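The values are calculated or read from the model by the stated rules, or taken from the named source; none is laboratory data. All values derive from a computational prediction rather than experimental measurement. Backbone-built Cβ (ideal geometry, glycine too); neighbour counts: all protein chains shown.
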Amino acid sequence: MSWLTKQIQKELWSPYGAGVLLGLVGIFTVVFANRLLGASGGFENIAGALGKAVAPDLFNNTYFNFVMPAGLSYAVLLLIGIFFGGTLGALSSRTLKVRTMDDGQWKQAYGPQLWKRWLLLFVGGIIVQYAAGIAGGCTSGLLISGGMLLAPAAFLFMAGTFASGICTAKIIYGKRY
Amino acid sequence: MNEYILALVLGVMFGFALNKAGLTRYSTIAGQFRLTDMAVLKFIMTALVVTMIGVYPLRLLGVITFPTVPSTYIVGNLVGGLIFGVGMSLAGFCPGTMTAGAGEGKLDYLVPGMLGFLTGAALFGLTYDKVFPPISKLLNYGSVVIPDLWNINALLAVFVMALITLVLFYLIDRMGWQRQQKKLD
């Protein structure tokens, strides 16, 4: 038991160990919920609900009415769960803390300015979410969920993400890549 | 209602795994794209193989049916992935890791990150009619899995996938496929 407690309190697991846990979550998701995992879908449901509150006419379209209906959904609950899963993980290793600019490598890559980090995260968020829409899902809903069932879509998405991700990193890091 | 509680529990376990794997950190994601830290690849491939070993035999035995599998439309999956990688490499997060990271107390994720995702979601929903149907029509194979598409034995496909993954891990851990990080300053 003390071994287990010690493992849970560890801040960082081996990626293999954490991967086994995620694999088990994948099995539970398919067997018990007969659904898949996902994250980007939940943002569509929430954005639809917010949009309908602010500009009902604009957001009264096929997408937010039928394709990804605005409001509470399985995907939104999953997203809320993921948030608190992060909280639980941080609590277990006593690293839960409200903070900004907590990554040393970020400062080395982009500099210490907070406005720059916030701007890049905002722009990055838009790119990532829009791309997930085109691809049919994100790392969770397409790569992990599709890959664990051997859907070709997942591996195409993975190839695209790694290819452009590596090129982008080369540009950002330049000689330091 | 039960489905919602189940979603919440599954989400918590998912977020917990992301936290423990260190995927909520910029340095882990950036390290993957610089090929100096292979945690993302190891984490994802391990999960995929564990799940497929669990669910494919159950499907063959007729105990479960698969939920709707993500659709394969080659151009869209690939182009979407290419754009996705730019954003993920630039910011160091994806929708799942941003959400778990926000839960850890990262204000950078909770405020501009979350706003970015919601803005992107609104933009996609508002332009969906013009963008999505044309691209998803190209080379569309529908909701399909490799064993059914190529008509190969499902257990063989799982076995081959597990083997490829093990070889990949061997190459990374023992054959030096992970690059040394250059000094940053």
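Step by step: first the residues of region A:160-169, then only those that are hydrophobic (A, V, I, L, M, F, W, C) and surrounded by 19 or more Cβ atoms within 10 Å (Cβ to Cβ), then the one that is nearest to the chain's Cα centre (by Cα). Which residue is that?
The qualifying residue nearest to the chain's Cα centre (by Cα) is A:F162.
Considering every residue within region A:3-15, establish whether at least one is charged (D, E, K, R) and over 26 Å from A:V128 (Cβ atoms).
Keep residues of region A:3-15 that are charged (D, E, K, R), which gives A:6, A:10-11.
When the remaining residues are screened for being over 26 Å from A:V128 (Cβ atoms), the result is A:6, A:10.
Scanning region A:3-15 turns up at least one residue that is charged (D, E, K, R) and over 26 Å from A:V128 (Cβ atoms).
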Residue, nearest to the chain's Cα centre (by Cα), within region B:28-42, restricted to residues that are in contact (Cβ under 8 Å) with a residue 24 or more places away in the chain, at the interface with chain A (Cβ under 7 Å from one of its Cβ atoms) and part of a helix (DSSP H, G or I): B:K42
Those residues of region B:121-130 which are over 15 Å from A:I126 (Cα atoms) and more than 7 Å from chain A (Cβ to nearest Cβ), in sequence order: B:K130
Where B:T51 falls short, out of the listed (1) free of Cβ contacts under 8 Å to residues at least 12 places away in the same chain; (2) within 7 Å of another protein chain (Cβ to nearest Cβ); (3) among the β-branched types (V, I, T); (4) surrounded by fewer than 23 Cβ atoms within 10 Å (Cβ to Cβ): (4)
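Pick from region B:65-78 the residues that are without any contact (Cβ under 8 Å) to a residue 60 or more places away in the chain and surrounded by 18 or more Cβ atoms within 10 Å (Cβ to Cβ): which of them is nearest to B:P147 (Cα to Cα)?
Here is the first cut: in region B:65-78, the residues without any contact (Cβ under 8 Å) to a residue 60 or more places away in the chain are B:65, B:67, B:77-78.
Now narrow it down to the ones that are surrounded by 18 or more Cβ atoms within 10 Å (Cβ to Cβ): B:77-78.
Values: B:N77: 19, B:L78: 20 Å.
The residue in question is B:N77.
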Hits in region B:116-143 - residues which are in a helix (DSSP H, G or I) and farther than 18 Å from A:F66 by Cα: B:G116, B:F117, B:L118, B:T119, B:G120, B:P134, B:I135, B:K137
Odd one out for B:Q180 among (1) surrounded by fewer than 14 Cβ atoms within 10 Å (Cβ to Cβ); (2) over 30 Å from A:R176 (Cα atoms): (2)
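Any residue at all in region A:156-167 that is in contact (Cβ under 8 Å) with a residue 60 or more places away in the chain and within 23 Å of B:L35 (Cα to Cα)? Let's see the steps before the verdict.
Taking region A:156-167 first, the residues in contact (Cβ under 8 Å) with a residue 60 or more places away in the chain are none.
Within region A:156-167, not a single residue is in contact (Cβ under 8 Å) with a residue 60 or more places away in the chain and within 23 Å of B:L35 (Cα to Cα).
A quick yes/no check of all residues on (1) in a helix (DSSP H, G or I); (2) more than 7 Å from chain A (Cβ to nearest Cβ); (3) more than 29 Å from B:L171 (Cα to Cα):
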{"site": "B:I5", "(1), (2), (3)": "yes, yes, yes"}
{"site": "B:L8", "(1), (2), (3)": "yes, no, yes"}
{"site": "B:M13", "(1), (2), (3)": "yes, no, yes"}
{"site": "B:F16", "(1), (2), (3)": "yes, no, no"}
{"site": "B:T46", "(1), (2), (3)": "yes, no, no"}
{"site": "B:V63", "(1), (2), (3)": "no, yes, yes"}
{"site": "B:V79", "(1), (2), (3)": "yes, no, no"}
{"site": "B:G87", "(1), (2), (3)": "yes, no, no"}
{"site": "B:D108", "(1), (2), (3)": "yes, no, yes"}
Considering residues of region B:145-177 that are more than 7 Å from every other protein chain (Cβ to nearest Cβ) and in a loop (DSSP other than H, G, I, E, B) only, the residue surrounded by the most Cβ atoms within 10 Å (Cβ to Cβ): B:W177
Residue in region B:102-121 that is surrounded by the most Cβ atoms within 10 Å (Cβ to Cβ), counting only those that are under 22 Å from the mean Cα position of the chain (by Cα) and of a type in the set (A, V, I, L, M): B:A121
Residue that is free of Cβ contacts under 8 Å to residues at least 24 places away in the same chain, facing chain B (nearest Cβ under 7 Å) and aliphatic (A, V, I, L, M), where the choices are A:A135, A:A131: A:A131
Among the candidates A:R99, A:R117, residue that is at the interface with another protein chain (Cβ under 7 Å from one of its Cβ atoms), of a type outside the set (G, A, S), at negative phi and touching a strand residue (DSSP E or B) at 6+ places or on another chain (Cβ under 7 Å): A:R99
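Would you say B:K130 is under 18 Å from B:T72 (Cβ atoms) and among the basic types (K, R)?
Here the answer is no, as B:K130 does not meet what is asked.
Which one of A:G41, A:G81 is within 24 Å of B:M13 (Cα to Cα), outside the structural domain of A:G136 (by TED's automatic domain parsing) and either touching a residue at least 60 places away in the same chain (Cβ under 8 Å) or polar (S, T, N, Q) (or both)?
Working: A:G81 fails: either touching a residue at least 60 places away in the same chain (Cβ under 8 Å) or polar (S, T, N, Q) (or both).
Matching residue, one of A:G41, A:G81: A:G41.
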Helices (runs of 4 or more DSSP H) contained in region A:1-89 and holding at least 2 residues under 17 Å from the mean Cα position of the chain (by Cα) and either buried (at least 18 other Cβ atoms within 10 Å of the Cβ) or facing chain B (nearest Cβ under 7 Å) (or both): A:15-28, A:40-54
Every residue from region A:142-159 that is under 19 Å from B:T65 (Cβ atoms) and either under 13 Å from the mean Cα position of the chain (by Cα) or assigned by TED's automatic domain parsing to the domain that holds A:F43 (or both): A:S145
